[in-house]
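Below is one structure, written out as structure tokens, with a few remarks after it.
What follows is calculated from the coordinates using simple rules that are stated; it is not laboratory data. Predicted, not measured: the structure shown is a model, and the values here were computed from it.
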Amino acid sequence: MYNNIYLDNTSIKGGDGMANKLKQFREGRNMTVSDFAKEIGMSPYVCYKVESGERTASKLFMLKMKKRFPEIDLDYIFFDI
């Protein structure tokens with residue numbers, strides 16, 4: 001379920017294009033970082049840091065994204081698959 005994402009303390013470092021893909025996804029829905037953060041239940045600070053590539057996306061971050069946006073392809077955004 002949810003692309004084999006498990007709730008533990010592991011974080012996933014996205015590929016080189018991860019930040020850009022995440023930003024494109026968010027902007028494609030006409031959302032600010034704050035809007036996106038509110039939608040997935042994370043802080044704007046965390047969302048900004050993940051999107052900018054300054055912080056890795058936790059599995060919880062990805063799970064919340066998938067729960068709110070079931071159409072999202074986490075493999076494409078975070079793993080360059």
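Through the Karplus equation 6.51 cos²θ - 1.76 cosθ + 1.60, θ set to phi - 60°, convert the phi angles of the stretch 51-60 into ³J(HN,Hα) values in whole Hz; use x for Gly and Pro.
Each residue's phi maps through the Karplus curve to give 5, 7, x, 7, 9, 7, 7, 6, 5, 5 Hz.
Starting from the exponent 0.38 and prefactor 2.2 Å, build the expected Rg for the stretch 12-70 from its residue count and divide its actual Cα Rg by it.
0.98
Would you grab the residues whose amide H sits under 5 Å from the one on SER58? Only those 5+ places off in sequence or on another chain, please, with H modelled 1.01 Å from N.
ILE12
Using 0.36 nm per residue of separation minus the Cα-Cα distance, give me the extension gain between ASP73 and GLU27 in nm, one decimal.
Stretched fully, the ASP73-GLU27 segment lengthens by 15.0 nm.
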